[in-house]
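> Mind having a look at this structure? Questions to follow.
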Amino acid sequence: MSRVVIIMGSKSDLEWSNRIKEVLEGFGVEVVMRISSAHKTPLVCHEIIRKYENEGVVFITVAGRSNALGGFTDAQTYCPVISCPPRGGLWDVDIYSSLRMPSGVAPMVVTEPDGAALAAAKILGLSDPELRKKVQAYQEDSRQKIIKADEEIKNG
């Protein structure tokens, strides 16, 4: 079964992470949710990464403010990492901290929860034909919604 590990920087990232989880579960992807901070608990975070990486997972990191979690996770694993920093609140997100990475560190950055889930499903779908079919159906449904909306507007 395909699996995504969502690592949150703190419990305050749970609502954003649940939005990602909901979409992934719609694809039939198993989701593991963990909390660890790149700044406060880097050794624990490293243990979490090591625990799951041999399963061929995709990691999604959700952390606000400086969002070091995406880069930290990516630097510790060969598995794909998608950084999906939450927006809103007092500090909002520093998007540049997600985009400016040192050489050899390359997490993908997707700013919407449903987009992060879709990107993870596409990656996992490369080796899971059933999941790939679900992704294709999801994308076709999105196209049909646009076509229907156009028809409604065009026909008054």
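> Under the rule of at least 5 residues apart or a separate chain, name every residue whose amide H is placed under 5 Å from the amide H of residue 38.
69
> Which residues' amide hydrogens lie under 5 Å from the amide hydrogen of residue 61, considering only partners 5 or more residues apart or on another chain, with H built in the peptide plane?
The list, which skips near neighbours in sequence, is 7, 82, 83, 84.
> Which of 79, 84 has the fewest other C-beta atoms within 10 Å, and how do the rest follow up to the most?
79, 84
> How many angstrom separate the Cα center of the range 17-64 from the Cα center of the range 113-141?
18 Å
> Just want the ordering: 101, 8, from fewest to most Cβ atoms lying within 10 Å of their own Cβ.
Ranking 101, 8 by Cβ neighbours within 10 Å, fewest first, gives 101, 8.
> Using a 10 Å cut-off around each Cβ, can you sort 69, 14 from fewest to most neighbouring Cβ atoms?
On the way: 69 29, 14 16.
The most exposed by this proxy come first: 14, 69.
> What number, in percent, do you get for the relative contact order of the range 42-120 if the mean sequence gap of Cα pairs under 8 Å and at least 6 apart is divided by its residue count?
30 percent
> Whole-Hz Karplus ³J(HN,Hα) for the range 115-129, in order, using 6.51 cos²θ - 1.76 cosθ + 1.60 and θ = phi - 60°, x for Gly and Pro?
x, 5, 5, 4, 4, 5, 5, 5, 4, 5, x, 4, 10, 9, x
> Identify which of the listed values of Cα extents along the principal axes in Å was calculated from the structure shown: (i) 58, 38, 29; (ii) 50, 32, 22; (iii) 41, 35, 29.
Here the calculated entry is (i).
> Any chance you could give the angle, 0 to 90 degrees and rounded to 10, that helix 14-26 forms with the longest Cα principal axis of the chain?
The angle comes out near 50 degrees.
Just so you know, all these numbers are worked out from the coordinates, no wet-lab data involved. The shown structure was predicted, so the numbers you read here are calculated from the model rather than taken from an experiment. Cβ: placed from backbone, ideal geometry, glycine included. Neighbour counts: every protein chain shown.
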